[in-house]
Amino acid sequence: MSKIKGVITWASGPVVKAKGMLGVKMHELVEVGDERLIGEVIRIEGDMAIIQVYEYTTGIRPGERVYATGRPLSVMLGPGLIGNIYDGIQRPLEVIARKVGPFFRRGVRADPLPFHKKWHFKPLVKAGVKVEAGDIICEVQETGLITHRIMIPPNVRGTLKEMVPEGEYTVLDTIAVVEHEGTEIEVKMYQEWPVRIPRPFIKRLEPTEPLITGTRVIDTFFPMAKGGTAAVPGGFGTGKTVLLHQIASWSDARVVIYIGCGERGNEMTEVLIKFPELKDPYSGRPLMERTILIANTSNMPVIAREASIYTGVTLAEYYRDMGYDVLVVADSTSRWAEAIREIAGRLEEMPAEEGYPSYLPSRLAEFYERAGRVLALGNPERTGSLTIIGAVSPPGGDFTEPVTTHTLRFVRVFWGLDTELAYSRHYPAINWITSYSAYVDTIEEWWDRNVNRAWRAYRDEAMRILARENELKEHVRLLGPEALPEKEKLVMLTARILREGFLQQDAFDEIDTYCSVEKQFKLLKTIIDFHREAERLIERGVPFHRIRELKIIERLMRIKEEIPNDQTYKIEGFREEVINQLRATFEGVRTVGV
Amino acid sequence: MESKLGLMEYATVREIRGPLVIIENTRNIGYEELVEVIGPEGESRLGRVIEAAEEYAVVQVFEGTTGLSISDTRVRAVGRTLEVPVSIEMLGRVFDGVGNPIDGLPAPIPEDFWDVNGAPINPYMRDYPTDFIQTGLSVIDGMNTLVRGQKLPIFSGSGLPHNLMAAQIARQARILGKEEEFAVILAAIGVKHDEAVFFKQSLEATGAFKRSALFLNLAEDPVIERIVTPRIALTLAEYLAFEHDMHVLVILTDMTNYCEALRELSAAREEVPSRKGYPGYMYTDLASIYERAGRIRGKRGSITQMPILTMPGDDMTHPIPDLTGYITEGQIVLSRELYRKGIYPPVDVLKSLSRLMKDGIGKGRTRGDHADVARQLYAAYARAREVRSLATIIGEASLSPIDRKYLEFGDLFEEKFLRQGEYEERDIFETLDLAWGILSTLPEEELTRIHREYIEKYYQRKEEKVE
């Protein structure tokens, strides 16, 4: 602990000023007042430090002490992170609850990792070898799903002088000693890293593999890539949280970090209760075995909200460095931006748009830039990815507000949630006209190789039909649906089938909640083949109403929740039936017609 | 100057500005600490320190600063934060907006003193709300189900019958098949006198008054007091729920007045305003009220919140309803159009939502088909509304036959399902059967949101339809 000790001269809300702080560093962690609340230096004026406090400052008096710690706000990285739920500055909520009961108290300390737990440790290298930053020296089975790879910390290199044998150790035990130019460095199972600084890697790689989410409108129409960035803006009630829960549950990332930033307490509770019960569709293990929750709900101190985003993304980088595909879901980045605004306001900084400080865009850019697919430091050679999906809560559902507009500059996927769709309970309420994904081209090859070569053609045709429907809707609004030419009536019908039978997906239906890529493709193929065949028949004189009257159309809209992921061959059979029934309408035309 | 009790007293008022008093030469006054402000007549008012510095402190006076002067005003530091007395004896009583009894009876003997700001519940210790509350209103039970521990606001407009609805819910709310201790707490924030009387009478009429506590800050009462009224009510609610195992329903009306008080205070402090002059921290401030609802693991009681707010200009994107909607677990939106049509309760179902519904309904809780029925009602009514606007352009006659069916469905929905008497109580099964009755006017194959098995079970085919 550093020797600098100051005296509080002013306190209001989450900001305090202290004098006698000469020598304290920017973003240094400090302990504030008699209760030693955790704070961070955010501005220095002479010997005065301006400090943001991560806990409620009620009762703080001028004259109380401030103690500098000499180190920046950091997280502790090591086995025991997975399955945990933390607040914004990495205090485990379970431990806090054990200490002070169901309500938060100030000044509570809690170890970020279980210090006393013994982990079974398997060394992978022997003493004597040269090691450098990022080298994996041993493994610990953290959960049924995650093998924790202990790496040489980024600032360490040298000769591995000692290495403990296989056995049971705690994170505090020294497991190796590295010697470099005469100095010896003890390596433990944990390392610390300052949250505001991105962890280093060798180089960035192009994201080429999709992040499969099991949500059709995403995977098929607006796909996400592993290592990519996406924003989900939507007014309240548009199903943002349900969508994010779905992605956190079913996506094929290996580690998921869910940051509840300034959101509802009950939503975090829901995740906490459900994730241990839900099974990972790829391994059958409980989802909690790959999940870390960061909860800084709306009624928890606002400044910790600001930190929670950085805490979450730093944990994610750590698992990325092990070579995992990591997904960060941040709900909601707007609350984070508001926390930044609140501090700026208290510091009387000149506001830019809507009271937000002028550095809002650069903060957003810094955050999203921490995503990416990378070649990690160290041996063995490995790639990892960090995908960021950020929810945005625009005031009044207005996408022209500063947080949404600036976010869109820095992300490559946009899933715009639509109030009108939500009102008619079309979920997920992702608007297929305004949304976009810049990864369609980069991940096309993956679909070609793993699912079907025709994927892109089917996808594009479906998009065309939906776009055409959107144009025709205006027309229908003025003239009524009966005024359309026969082929356009078919476009309207197919678009409806696409909307109800494909885009709409019930998160709470046992079968439909997760849709495999094979099933997605087969469903889409069935619908588009129906359209192609019907179009051909109409060209040959079959009246549209005969097609519309087919009973099988209703089943076409339901088939998604009738056939489970492991029986997709049944969709092929169903497709045959659809085509046959369609052709039967033509039989009638020939006999009656000529 | 040190007073007899060892408390610091200052006569060094430097400035009085709006609801704020600034005192100089202070020592040892903490942020958020409670102070007593003693006016020239010797009367005492409550204040709270909102800025504490070495040489001065800014105090927000709850009862307003009217009548205070620089020379004759003294400020006494109490040395603690604002704590209020709590007691089970407070049920059946009426208090003013800062918790003084105004029903002519002596103050209840406190069982404890609790911090008026409460403390945030650790999300790890929350229990997820899943107990269905039957309100007896079809539109809520059937389509926007309320569960115990939820915060579900009513977004209303001036002149709409939100009080009537809230009172009806307070009267009729029950858990299926269970009798448990419950209490109703009303925080009236800047409401008119007759509204306060209405609530009191409505609770008295059913004998629920003895299990109720009313905190009244009326329209003519000091504006700044409004900041503390909902917090006092919620402090009592927490006490009853988590110390006395009671199920507490808290009605906060009207949150718009609360937000206006917040804006006034912010303006007096010369803070950088956010949208429409409201402070940038309004979301956080509202959350510190709304998040004081829920259940806690290991505790039997619960707090269910029903805040009411009037949307300025019926505008749902106004910051007050907007920020509220981002915090609460859904919203019940009232529609002026339906009100004009004479429909009570005039709930705009398409804009309404209950986020906790999915876990409070279904087999074993209400009925297996409940979720499907609700979804289908939404989808069909949305289509009906679309067709209705189409019909105004192209005329009803040029609608397709199926669209005419939807038009008819829309009317039936509003007249049969939505419309209900102020004292009419429908149980959930009645509500669901009613829904099937009107859904059965649509052709079976239109009901794509309902699983086949439920259509087989509940759809009333033409031949079997009872006229």
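One residue stands out among those in region A:87-102 that are under 28 Å from the mean Cα position of the chain (by Cα) and open to solvent by 30 Å² or more (accessible area, probe 1.4 Å): the one that is nearest to A:Ile38 (Cα to Cα), which is A:Val95. Yes or no: B:Val387 in a helix (DSSP H, G or I), of a type in the set (Val, Ile, Thr) and either within 13 Å of chain A (Cβ to nearest Cβ) or closer than 22 Å to B:Ala173 by Cβ (or both)? Considered against the rule, which asks whether it is in a helix (DSSP H, G or I), of a type in the set (Val, Ile, Thr) and either within 13 Å of chain A (Cβ to nearest Cβ) or closer than 22 Å to B:Ala173 by Cβ (or both), B:Val387 comes out as yes.
Got at least one residue in region A:86-93 being more than 25 Å from A:Lys188 (Cα to Cα), within 14 Å of another protein chain (Cβ to nearest Cβ) and in contact (Cβ under 8 Å) with a residue 12 or more places away in the chain?
No, that holds for no residue.
Listed by first and then second residue, the pairs linking a residue in region B:427-442 that is in the same structural domain as B:Gly142 (by TED's automatic domain parsing) to a residue that is outside any helix (DSSP H, G or I) and open to solvent by less than 10 Å² (accessible area, probe 1.4 Å), with Cβ atoms under 7 Å apart and 6 or more places separating them unless they lie on different chains, form an empty list. For the criterion of being in contact with a helix residue (DSSP H, G or I) (Cβ under 9 Å, 6 or more places away or on another chain) and part of a loop (DSSP other than H, G, I, E, B), B:Pro106 fails. Candidates are the residues of region B:311-327 that are more than 8 Å from chain A (Cβ to nearest Cβ) and closer than 19 Å to B:Asp285 by Cβ; the one that is most open to solvent (accessible area, probe 1.4 Å) is B:Pro312.
Would you call A:Leu417 within 14 Å of another protein chain (Cβ to nearest Cβ), under 17 Å from the mean Cα position of the chain (by Cα) and closer than 27 Å to A:Ser298 by Cα? So A:Leu417 fits the description; yes.
State whether the residues of region A:106-116 include one that is within 14 Å of chain B (Cβ to nearest Cβ), open to solvent by 30 Å² or more (accessible area, probe 1.4 Å) and more than 30 Å from A:Leu160 (Cα to Cα).
yes
Only a single criterion out of (1) more than 14 Å from every other protein chain (Cβ to nearest Cβ); (2) farther than 25 Å from A:Tyr514 by Cβ; (3) under 14 Å from the mean Cα position of the chain (by Cα) is not satisfied by A:Ser308, namely (1). Of all residues assigned to region B:91-113, none qualifies as being surrounded by 19 or more Cβ atoms within 10 Å (Cβ to Cβ) and within 14 Å of chain A (Cβ to nearest Cβ).
Return the residues of region A:264-302 that are in contact (Cβ under 8 Å) with a residue 40 or more places away in the chain, basic (Lys, Arg) and buried (at least 23 other Cβ atoms within 10 Å of the Cβ); say none if nothing qualifies. Passing the criteria: only A:Arg290.
Across region B:270-279, a minimum of one residue is classified as in contact with a Pro (Cβ under 6 Å, 6 or more places away or on another chain) and more than 24 Å from B:Phe155 (Cα to Cα). A:Arg449 - would you say it is open to solvent by 50 Å² or more (accessible area, probe 1.4 Å), of a type in the set (Lys, Arg) and in a helix (DSSP H, G or I)? Yes; evaluated as a whole, the condition is true for this residue. Screening region B:273-300 for residues that are aliphatic (A, V, I, L, M) and at the interface with another protein chain (Cβ under 9 Å from one of its Cβ atoms) and picking the one that is farthest from A:Gly396 (Cα to Cα) gives B:Ile296. Count of region B:336-353 residues, restricted to those that are buried (at least 23 other Cβ atoms within 10 Å of the Cβ) and either more than 8 Å from every other protein chain (Cβ to nearest Cβ) or over 25 Å from the mean Cα position of the chain (by Cα) (or both), is 5.
When region B:14-58 is limited to residues that are away from chain A (no Cβ under 14 Å), of a type in the set (Asp, Glu) and in a strand (DSSP E or B), the one that is surrounded by the fewest Cβ atoms within 10 Å (Cβ to Cβ) turns out to be B:Glu15. Looking across A:Arg468, A:Arg499, one residue alone is basic (Lys, Arg) and away from every other protein chain (no Cβ under 11 Å). It is A:Arg468.
Scanning region A:497-520 for residues being open to solvent by less than 10 Å² (accessible area, probe 1.4 Å) and in a helix (DSSP H, G or I) gives a total of 7. Does B:Ser69 satisfy the condition of being hydroxyl-bearing (Ser, Thr, Tyr), under 28 Å from B:Asp285 (Cβ atoms) and at pLDDT 90 or above? No; evaluated as a whole, the condition is false for this residue.
For every residue, the table says whether it meets (1) out of contact with any Gly (no Cβ under 6 Å at 6 or more places or on another chain); (2) within 14 Å of chain B (Cβ to nearest Cβ); (3) open to solvent by less than 10 Å² (accessible area, probe 1.4 Å); (4) in a strand (DSSP E or B).
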residue: A:Asp34; (1), (2), (3), (4): yes, yes, no, no
residue: A:Ile38; (1), (2), (3), (4): yes, no, no, yes
residue: A:Arg43; (1), (2), (3), (4): yes, no, no, yes
residue: A:Ile50; (1), (2), (3), (4): yes, yes, yes, yes
residue: A:Thr57; (1), (2), (3), (4): yes, yes, yes, no
residue: A:Ile60; (1), (2), (3), (4): no, yes, yes, no
residue: A:Gly63; (1), (2), (3), (4): yes, yes, no, no
residue: A:Gly70; (1), (2), (3), (4): yes, no, no, yes
residue: A:Leu81; (1), (2), (3), (4): yes, no, yes, no
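Looking only at residues of region B:177-191 that are outside any loop (DSSP other than H, G, I, E, B) and closer than 9 Å to B:Val248 by Cα, we find that the one that is most open to solvent (accessible area, probe 1.4 Å) is B:Phe182. The set of residues in region A:175-204 that are under 23 Å from the mean Cα position of the chain (by Cα) and of a type in the set (A, V, I, L, M) comprises A:Val195, A:Ile197. Take the residues of region A:354-388 that are touching a residue at least 40 places away in the same chain (Cβ under 8 Å) and within 14 Å of another protein chain (Cβ to nearest Cβ): which is nearest to A:Val329 (Cα to Cα)? Here the residue is A:Leu360. Residue-level check: of (1) open to solvent by 20 Å² or more (accessible area, probe 1.4 Å); (2) at pLDDT 95 or above, B:Leu137 misses just (1). Just one residue in the set A:Val313, A:Val217, A:Val256 is modelled with pLDDT of 90 or more, touching a Leu at 6+ places or on another chain (Cβ under 8 Å), closer than 18 Å to A:Ala337 by Cβ and of a type in the set (Val, Ile, Thr); that residue is A:Val313.
Residues in region B:412-441 that are surrounded by 18 or more Cβ atoms within 10 Å (Cβ to Cβ), touching an Asp or Glu at 6+ places or on another chain (Cβ under 9 Å) and part of a loop (DSSP other than H, G, I, E, B): B:Arg426 only. Total residues in region B:363-372 satisfying the condition of being open to solvent by less than 10 Å² (accessible area, probe 1.4 Å) and either in a loop (DSSP other than H, G, I, E, B) or in contact with a Phe, Trp or Tyr (Cβ under 7 Å, 6 or more places away or on another chain) (or both): the figure is 2. Counting only helices (runs of 4 or more DSSP H) that sit completely within region A:279-394, those holding 1 or more residues that are within 19 Å of A:Glu206 (Cα to Cα) correspond to A:302-321, A:360-368.
The values are calculated or read from the model by the stated rules, or taken from the named source; none is laboratory data. Predicted, not measured: the structure shown is a model, and the values here were computed from it. Note that we place each Cβ from the backbone using ideal geometry, even for glycine, and neighbour counts take in every protein chain shown. The protein model used for the area step is the full one, side chains on, heavy atoms only, and it has no ligands, DNA or RNA in it. Shrake-Rupley method; radii C 1.70, N 1.55, O 1.52, S 1.80 Å.
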